[in-house]
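Before any comments, here is the structure.
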Amino acid sequence: DAKTTQPNSMESNEEEPVHLPCNHSTISGTDYIHWYRQLPSQGPEYVIHGLTSNVNNRMASLAIAEDRKSSTLILHRATLRDAAVYYCILRAPSGGSYIPTFGRGTSLIVHP
Amino acid sequence: GAVVSQHPSWVICKSGTSVKIECRSLDFQATTMFWYRQFPKQSLMLMATSNEGSKATYEQGVEKDKFLINHASLTLSTLTVTSAHPEDSSFYICSARGGLAATGELFFGEGSRLTVL
């Protein structure tokens, strides 16, 4: 699997934007970039994914570098409920023998 | 969105007993399910890949005779921790990849916390 690297932790103040980076320099041309987050004592939940173009949904935005070797998850206005561990993983299209593995992720701390 | 449900959400058992954890895809057929284990303040560690109708594929270092996985239907996979010991205490999480997820989106269960006394 292509590997991703993320900072161990980041901090933000409530109501401020948060930019969570992810490096994936060995990404292949067909890998999708997925972001998940895990709240304490819960299973991970899907946040957003993209292939080449930037993506927006109700939870977040995903900015993908032109060379696709990095991406940034953007939370436009952090809330206390956004405090979680955020994982960036690469996903091959369904049908392949892809095994989804997780790195350490970024622990986001949100200050009131 | 698609829903994956795990049961039980938590379980406490005595050392030497076996515990079964169920993972169900509620509104889609999951041809492949993944089982993870997570220790406190650590990331998810993939234990095995479960494919419907065939034997599970275990990751290196995971004992297949201790962690029995059965994926007998397209909506149910089970993980049985046999002869559990305190070191098996962990947070177990399943995820499913369904046919509707053309982009490979994963759906996760809520997790099952196992405590072995």
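No value in this document is a laboratory result; all are computed from the given coordinates. No experiment lies behind these values; they were computed from the predicted model shown. No Cβ is skipped: glycine too gets one built from the backbone with ideal geometry, and neighbour counts run over all protein chains shown.
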**OP:** Assign unit charges at the C-beta atoms only (+1 for Lys and Arg, -1 for Asp and Glu), then state the dipole size of chain B relative to its Cα centre in Debye, rounded to the nearest 20.
**Re:** 180 debye
Original post:
Averaged over A:37-44, how many beta carbons belonging to a partner chain fall within 10 Å of each residue's beta carbon?
Top reply: 6
**OP:** Give me the Kirkwood hydrodynamic radius of the range A:1-84, using the inverse of the mean 1/r over all pairs of distinct Cα atoms, in Å to one decimal.
**Re:** 13.4 Å
Original post:
Just counting partner chain Cβ atoms within 10 Å, what average do the residues of peptide A:99-105 show around their Cβ?
Top reply: 5
**OP:** Kindly flag which residue pairs out of A:69/B:41; B:41/B:64; A:69/B:55; A:69/B:66; A:69/B:20 have an alpha-carbon separation exceeding 31 Å in this structure.
**Re:** A:69/B:55; A:69/B:66; A:69/B:20
Subject >> Relative contact order of chain A, defined on C-alpha pairs under 8 angstrom at six or more residues apart (%) >> reply: 37 percent
Original post:
How high is the relative contact order of the range A:1-42, in percent, with contacts defined as C-alpha pairs under 8 Å that are six or more residues apart?
Top reply: 45 percent
Original post:
Which whole number gives the average count of other chain Cβ atoms within 10 Å of the Cβ atoms across peptide A:26-35?
Top reply: 1
**OP:** Mind checking which of B:71, B:5, A:43 is farthest towards the positive end of the protein assembly as shown's charge dipole, using Cβ charges of +1 (Lys, Arg) and -1 (Asp, Glu) about the Cα centre?
**Re:** B:71
Original post:
Can you put A:34, B:85 in order, fewest other beta carbons within 10 Å first?
Top reply: B:85, A:34
Original post:
Scanning chain A for GluC sites (Glu not before Pro) in DSSP loops with at most 11 other Cβ atoms within 10 Å, what's the longest stretch left with none?
Top reply: A:16-65
**OP:** Provide the net charge surrounding residue A:40, with neighbours chosen by a C-beta distance below 14 Å and charges set as Lys +1, Arg +1, Asp -1, Glu -1.
**Re:** +1
Original post:
For residue A:80, what is the net charge nearby, where nearby means another residue's Cβ is under 15 Å from its Cβ and Lys, Arg count +1, Asp, Glu -1?
Top reply: -2
Original post:
Which value results for Rg/Rh of chain B when Rg is the Cα radius of gyration and Rh the Kirkwood radius based on the inverse mean 1/r?
Top reply: 0.95
Original post:
What percent antiparallel are the DSSP beta bridges of chain B, to the nearest 5?
Top reply: 90 percent
Original post:
Name the trypsin sites (Lys or Arg not before Pro) in the range B:1-34 that are in a loop by DSSP and that have at most 11 other C-beta atoms within 10 Å, would you?
Top reply: B:14
Subject >> Debye, to nearest 20: dipole size of the protein assembly as shown, +1 on Lys, Arg Cβ, -1 on Asp, Glu Cβ >> reply: 340 debye
Original post:
Please state the relative contact order of chain B as a whole percent: Cα pairs under 8 Å, 6+ residues apart?
Top reply: 37 percent
Original post:
Excluding the sites themselves, what is the longest stretch of chain A that contains no trypsin sites (Lys or Arg not before Pro) in a DSSP loop with at most 11 other C-beta atoms within 10 Å?
Top reply: A:1-57
Original post:
Roughly speaking, what is the centre-to-centre gap between the range A:4-36 and the range B:1-65 when only Cα atoms are used, to the nearest Å?
Top reply: 26 Å
